[in-house]
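The values are calculated or read from the model by the stated rules, or taken from the named source; none is laboratory data. Just so it is clear, the structure is predicted and the values come from calculations on it, not from any experiment. With ideal geometry, Cβ positions are generated from the backbone for all residues, glycine too; neighbour counts draw on all protein chains shown.
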Amino acid sequence: MKNLSFLVCLTILGIPALSAHPSAGTEAVQPAATLPSGESIMDKFVEATGGKAAYASLKNSVMKGSMDIMGMKANVTIYRAEPNLFLTEIEIPGMGKMLEGVDGKVAWSYSAMQGPSVKEGKEAEEALFGANFREENWRDRFTKVETLALETVEGEECYKVVATPKVGIPQTSYYSKNSGLLIKTVSTNETPMGSMTAEALPKDYKKVGGVMMPHQLVNRMAGQAMTMTFSEIKVNTEIPASTFEPPAEVKALIK
């Protein structure tokens, strides 16, 4: 879902939908004779970041920080709550706020420059699927996971795992052979600009509420790069239910 914030910015700034540039920092290595199963790698990631019990104790999260896109600075706040509530607020000086949200049933976006929008079709399905808060229960989300190779990504040996979700197309993730942490994800999203491939590189993992969470996220999409740096992440905090309600302009479209 964090890639969607990048899409909002690209749309607002009028950046054309270019094909994504080749994966940077990835060097193929000959596939190992025996690779661990995709299931074991996914389970190792859950354990490496805190374990199922720690994940289960989380009910919501609020991430606050800054975003740098093409030298332009913005403030960003991401709200998430179970079971599938999501809201991203991006505020660029001189452009006002850009919002991207899921209220559990409807996926939407809004900005002063682009106006309100309600997602439909595959775009809506993928947004609703991606808003699921219980990401540790990956078996409920994916029908198949396969380990394809051992590759060097960002200077680190990683297992290349392709996961087929119940909604949307397969996504490729690279997990560190040593630490088990997620190093990079490559996915394709349906957008108003067509299908777009994005890379997300989580960095600077720190423990919050018993779970290791990345405090920096580097996104690459449409030939552009964007970095989110989170200065504050809170979990199990008070989030008013109204936070996830679409603005009046979006509600008017829903009616």
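If the condition is being part of a loop (DSSP other than H, G, I, E, B) and at pLDDT 90 or above, then region 69-84 contributes Glu82, Pro83, Asn84. Here is a check on your reading of the model: is Lys105 free of Cβ contacts under 8 Å to residues at least 24 places away in the same chain and out of contact with any strand residue (DSSP E or B) (no Cβ under 8 Å at 6 or more places or on another chain)? Spelling it out, Lys105 is indeed free of Cβ contacts under 8 Å to residues at least 24 places away in the same chain and out of contact with any strand residue (DSSP E or B) (no Cβ under 8 Å at 6 or more places or on another chain).
If only residues of region 82-110 that are crowded, with 21+ Cβ neighbours inside 10 Å and among the small types (Gly, Ala, Ser) are counted, the one that is farthest from Asn132 (Cα to Cα) is Ser109.
The single residue among Ser23, Ser19, Ser40, Ser5 that is modelled with pLDDT of 95 or more and of a type in the set (S, T, N, Q) turns out to be Ser40. Could you list, in sequence order, all residues of region 192-245 that are over 15 Å from Leu181 (Cα atoms) and polar (S, T, N, Q)? Result: Ser195, Thr197, Asn219, Gln224, Thr227, Thr229, Ser231, Asn236, Thr237, Ser242, Thr243. Highlighted here would be strands (runs of 3 or more DSSP E) found entirely within region 85-130 that include at least 2 residues which are at pLDDT 95 or above and acidic (Asp, Glu), but there are none. Scan region 35-54 for residues that are buried (at least 18 other Cβ atoms within 10 Å of the Cβ) and in a loop (DSSP other than H, G, I, E, B) and the total you get is 2.
The rows are residues; the columns are (1) in contact (Cβ under 8 Å) with a residue 60 or more places away in the chain; (2) exposed (fewer than 15 other Cβ atoms within 10 Å of the Cβ); (3) out of contact with any Leu (no Cβ under 8 Å at 6 or more places or on another chain).
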position	(1), (2), (3)
Pro116	yes, no, no
Ala124	no, no, yes
Asp140	no, yes, yes
Gly180	yes, no, yes
Thr188	no, no, yes
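This table checks each residue for (1) under 14 Å from the mean Cα position of the chain (by Cα); (2) modelled with pLDDT of 95 or more.
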site	(1), (2)
Ser195	no, no
Glu199	yes, no
Asp204	no, yes
Met212	no, yes
His215	yes, yes
Val218	yes, no
Gly223	no, no
Met228	yes, no
Glu232	no, yes
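Somewhere in region 55-68, is a residue loosely packed, with under 14 Cβ neighbours inside 10 Å and touching a Leu at 6+ places or on another chain (Cβ under 8 Å)? Within region 55-68, none of the residues are loosely packed, with under 14 Cβ neighbours inside 10 Å and touching a Leu at 6+ places or on another chain (Cβ under 8 Å). Val153 meets all of the listed conditions (1) buried (at least 20 other Cβ atoms within 10 Å of the Cβ); (2) closer than 21 Å to Thr49 by Cβ; (3) touching a helix residue (DSSP H, G or I) at 6+ places or on another chain (Cβ under 8 Å) but one, namely (3). Does Gly104 qualify as being out of contact with any Ser or Thr (no Cβ under 9 Å at 6 or more places or on another chain), closer than 25 Å to Val162 by Cα and of a type outside the set (Lys, Arg)? So Gly104 does not fit the description; no.
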